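Scroll down for the structure; my scribbles are underneath it.
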Amino acid sequence: MEPLKLEKADFNKIDKSGVLNKATKDESFDVTVYVKEVNEPRYLYWDEVKYRPTPKNLNSIEYWFLVKQLRKLLSTPTQIRAENGSFFKWIRLTYTDEYLHEIDMHTGGQIFTTYENLSQAIKQKFLSRGVIEEAIASSQLEGAHTTRAAAKRMILEKRKPRNESERMIMNNYITMSSLEEDFKNRELSEKTLFDLHAMITKDTLTKDKQYRYRKDEDDIVVRNDRYVAFIPPKHPFVEQEIKRLFEYANDKESKEFVHPVIKAIFLHFWIGYLHPFVDGNGRLARALFYWYLLRKGYWTFMYLPISSIIKRSPVQYSMAYTYAEQDDFDLTYFYDYHIRKILQSIEEFDGYVSRITSENKKIDMVLKESIVLNERQKQLLYYLISEGDNADVTIGSHQTLNNISRQTAYRDLKYLKSQGLLITKNVGKFTHYFPSDILNKLFATYQPNRTSPETK
């Protein structure tokens, strides 16, 4: 299977000097205006630029040649070195500061400012949801074949994985949880990287392939259904550059300030490019993105399952890597894609919080305060009535989602049952709680908003 080769414009077909003269000597022709149109709102490659309107007196190849020249002038090198010795570069586009400010405002401890009355309990549920959704989506990006609903039930009920796909997801969930509990306090070193990788690949990769970097004889390539998407660098280069990556991740390579979100995105790309292990590189790259931001105090990123957003456009995600590698090592493609997914994740989370707040008010209206419920119980009822006949919960799933003790989870469910809102049935060795006829009748005329599968 041949490696993917990007279609490239043939600059030998044009008079390069003549094109540059047109752009520099014609006062009515502002090349920067035309270049901005293909840099923003999205950073475009030739496969799209060739179909766009061109400046006067230029064909599409001449236009792309000018775009490339100006991009080179605007770009600055990163710390990430390619195997041929070149450094990946990027352009700080005009939106960069605006987007970073928006992210800072939402993830710098102000993510719940609009909803000041939210309890700590419901914030904990949001956190658990974020970690679970990220674990599932990041694994599905790497080929885990199981439904989100089945994976979520496995995690919530603490059931042992039944196959490799479920093991991938459970490993990812444990890793994401460990980032906040342990790894955020550790500098990135070979041991830290090996420990994270071993956690991600537990029982999905043989132990002889853990705690070591891949070797050239492992013959690792990155494929999709149609072609080889990427051939990773050779082993000696990986051994050499991974040490520089550690320095970069630990903020020891330079005294120059780089915004933490930018560095986290670059780390994500760098691990993906080096591809240091036989398997698990994608999950590891996304985990290190969260690790770095936690270290820099961006704890609210744990509420944002960014892989859930990426999973909706996996081809674009893959091509962001490919463009960066094959188009003169231009990392702007990957940065542009990633920063937009972060913003989309923030926007969707804000909508999710708004819906949950609205749902609580609706439940209060239906119950007319005849029954006093805490917010965990309200959300549990909302889930049951919105999901229909097959919805159920267990003590374990309620405990895991809300990060509460088993005793507290049991008290929540016992109280709802005592009020006639839930009934119990034994399913195997577990007790499951279902909506009662009383609950169904109470909400018979109420049609709750059904949320998408990835926002429940």
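The values are calculated or read from the model by the stated rules, or taken from the named source; none is laboratory data. Fair warning: this is a prediction, and the values are worked out from it, not measured in the lab. As a convention, Cβ positions derive from the backbone with ideal geometry for all residues, glycine included, and neighbour counts pool all protein chains shown.
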* Structure fact -> Filtering the range 222-245 down to residues that are within 14 Å of ALA82 (Cβ to Cβ), over 25 Å from the mean Cα position of the chain (by Cα) and surrounded by 15 or more Cβ atoms within 10 Å (Cβ to Cβ) yields PHE237
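Which of the residues that make up the range 246-257 are loosely packed, with under 12 Cβ neighbours inside 10 Å and under 23 Å from GLU190 (Cα atoms)? Give the steps one after another, and end with the answer.
As a first pass, look at the range 246-257 and keep what is loosely packed, with under 12 Cβ neighbours inside 10 Å: 252, 254-257.
Passing the criteria: LYS252, SER254, LYS255.
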* ASP336: in the same structural domain as MET319 (by TED's automatic domain parsing) and either free of Cβ contacts under 8 Å to residues at least 24 places away in the same chain or of a type in the set (D, E, K, R) (or both), yes or no? -> yes
* Asked: Just one of the numbered conditions (1) over 29 Å from the mean Cα position of the chain (by Cα); (2) surrounded by 19 or more Cβ atoms within 10 Å (Cβ to Cβ); (3) in a helix (DSSP H, G or I) is not true of LEU401; which one?
  -> (1)
* From the set of residues in the range 69-95 that are buried (at least 18 other Cβ atoms within 10 Å of the Cβ) and basic (Lys, Arg), which is nearest to HIS338 (Cα to Cα)? -> LYS89
* Asked: When both residues are 6+ apart or on different chains and their Cβ atoms are under 9 Å apart, which pairs have a first residue that lies in the range 22-36 and is basic (Lys, Arg) and surrounded by 12 or more Cβ atoms within 10 Å (Cβ to Cβ), and a second that is at pLDDT 75 or above and in a helix (DSSP H, G or I)?
  -> LYS22/GLU62; LYS22/LEU66
* Structure fact -> Heads up, the helices (runs of 4 or more DSSP H) in the range 10-90 (entirely inside) with at least 1 residues that are under 24 Å from TYR273 (Cα atoms) are 31-39, 46-49, 60-74
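I'm trying to understand the selection: among the residues of the range 206-242, which are of a type in the set (A, V, I, L, M) and modelled with pLDDT of 95 or more?
Of the residues in the range 206-242, the ones of a type in the set (A, V, I, L, M) are 220-222, 228-229, 231, 238, 242.
Result: VAL238, ILE242.
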* **Residues located in the range 55-67, provided they are buried (at least 17 other Cβ atoms within 10 Å of the Cβ) and either more than 31 Å from the chain's Cα centre (by Cα) or not hydrophobic (A, V, I, L, M, F, W, C) (or both)** => PRO55, LEU58, ILE61, GLU62, TYR63, TRP64, PHE65, LEU66
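How many of the residues making up the range 241-269 are among the small types (Gly, Ala, Ser) and in contact (Cβ under 8 Å) with a residue 40 or more places away in the chain? Write out each step before concluding.
Keep residues of the range 241-269 that are among the small types (Gly, Ala, Ser), which gives 249, 254, 264.
Those left that are additionally in contact (Cβ under 8 Å) with a residue 40 or more places away in the chain: 249, 254.
Total meeting the criteria: 2.
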* Give the range 1-40 a look and list any residue that's at pLDDT 90 or above and in contact with a Pro (Cβ under 8 Å, 6 or more places away or on another chain), or say none. => none
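For ARG186, state whether it is in the same structural domain as MET302 (by TED's automatic domain parsing), at pLDDT 95 or above, farther than 27 Å from PRO314 by Cβ and not aromatic (Phe, Trp, Tyr).
Values: in the same structural domain as MET302 (by TED's automatic domain parsing): yes; at pLDDT 95 or above: yes; farther than 27 Å from PRO314 by Cβ: yes; not aromatic (Phe, Trp, Tyr): yes.
Yes; evaluated as a whole, the condition is true for this residue.
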* Asked: Got a sec? Which of THR107, THR175 is under 23 Å from THR204 (Cβ atoms) and in contact with a Leu (Cβ under 9 Å, 6 or more places away or on another chain)?
  -> THR175
* Asked: Got a number for residues in the range 37-60 being in contact (Cβ under 8 Å) with a residue 12 or more places away in the chain, under 18 Å from ASP328 (Cβ atoms) and among the aliphatic types (A, V, I, L, M)?
  -> 2
